[in-house]
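Asker: Let me give you the structure first, and then I'll get to my questions.
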């Protein structure tokens, strides 16, 4: 299994508070991703990173920011959490080699915004 | 833009039945195609993939063939087991090869 650890696994927070989710990898891969999973929507890309300090937006990036100061860590921050951000968040890394290598996922963080 | 469409679930089958989960995609070029499986409480796991037209991906008795002419990548299994109960996702890369787009997922329930 790919060495991906997400923390925390569960989080309950109040509307308007900042929240940071962490993704840590031990594979030294360049590409890292944050997705959210919601019923009826499958997985939607929030942000991704293609190297240290190199990030780009996905399809649902509003209300989220990311940072990658080290190869192994990719942080997702909700600056001011809203109820619509209640979701399961998955981090993924892309295997090295061919540009179309599959993604490998962490076990997710379940976030509830009350 | 790029998109992936899967048949809506849940799909409920008896053990040893034949499974088909339909997947069609819209994309420029010929993207690599993937099927992922998600068991309860877990992340997504790669099930199989195909990288070019007419390729057949296979794993654990599941198969899918990359059909360029119908832009489809349907998942099949000849005889499902209770342990196959999970949510299945079809996905493809965009043309730049830096983002994976997923379908909405199809829940499979297999009854003994």
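The values are calculated or read from the model by the stated rules, or taken from the named source; none is laboratory data. No experiment lies behind these values; they were computed from the predicted model shown. Counting neighbours? That spans all protein chains shown, and the Cβs are built from the backbone with ideal geometry, glycine included.
Asker: If we scan the stretch A:53-68, do we find a residue that is within 12 Å of chain B (Cβ to nearest Cβ), more than 10 Å from the chain's Cα centre (by Cα), over 14 Å from residue B:98 (Cα atoms) and without any contact (Cβ under 8 Å) to a residue 12 or more places away in the chain?
Answerer: There is no residue in the stretch A:53-68 that is within 12 Å of chain B (Cβ to nearest Cβ), more than 10 Å from the chain's Cα centre (by Cα), over 14 Å from residue B:98 (Cα atoms) and without any contact (Cβ under 8 Å) to a residue 12 or more places away in the chain.
Asker: For the stretch A:55-81, give me the residue count where each residue is assigned to a strand (DSSP E or B) and in contact with a strand residue (DSSP E or B) (Cβ under 7 Å, 6 or more places away or on another chain).
Answerer: Total meeting the criteria: 14.
Asker: Is it the case that the stretch B:49-65 has a residue that's in contact (Cβ under 8 Å) with a residue 24 or more places away in the chain and part of a loop (DSSP other than H, G, I, E, B)?
Answerer: Within the stretch B:49-65, none of the residues are in contact (Cβ under 8 Å) with a residue 24 or more places away in the chain and part of a loop (DSSP other than H, G, I, E, B).
Asker: Which residues, counting only those in the stretch B:1-29, are part of a loop (DSSP other than H, G, I, E, B) and within 14 Å of another protein chain (Cβ to nearest Cβ)?
Answerer: Within the stretch B:1-29, B:1, B:2, B:7, B:8, B:9, B:10, B:27, B:29 meet the criteria.
Asker: Go through the residues of the stretch B:41-57 one by one and say whether even a single one is away from chain A (no Cβ under 12 Å), under 30 Å from residue B:112 (Cα atoms), modelled with pLDDT of 95 or more and touching a strand residue (DSSP E or B) at 6+ places or on another chain (Cβ under 6 Å).
Answerer: Yes: the stretch B:41-57 contains one or more residues that are away from chain A (no Cβ under 12 Å), under 30 Å from residue B:112 (Cα atoms), modelled with pLDDT of 95 or more and touching a strand residue (DSSP E or B) at 6+ places or on another chain (Cβ under 6 Å).
Asker: Among the numbered criteria (1) more than 10 Å from chain A (Cβ to nearest Cβ); (2) surrounded by 17 or more Cβ atoms within 10 Å (Cβ to Cβ); (3) out of contact with any helix residue (DSSP H, G or I) (no Cβ under 9 Å at 6 or more places or on another chain); (4) under 21 Å from residue A:94 (Cα atoms), which one does residue B:75 miss?
Answerer: (4)
Asker: Only one of B:1, B:9 is at pLDDT below 95 and within 30 Å of residue A:6 (Cα to Cα). Can you tell me which?
Answerer: One residue alone meets the criteria, B:9.
Asker: Also: Taking the stretch A:18-40 on its own, how many of its residues are in contact with a strand residue (DSSP E or B) (Cβ under 9 Å, 6 or more places away or on another chain), part of a loop (DSSP other than H, G, I, E, B) and within 26 Å of residue B:90 (Cβ to Cβ)?
Answerer: 4
Asker: State the number of residues belonging to the stretch B:84-107 that are in contact with a strand residue (DSSP E or B) (Cβ under 8 Å, 6 or more places away or on another chain) and either part of a loop (DSSP other than H, G, I, E, B) or surrounded by fewer than 17 Cβ atoms within 10 Å (Cβ to Cβ) (or both).
Answerer: 8
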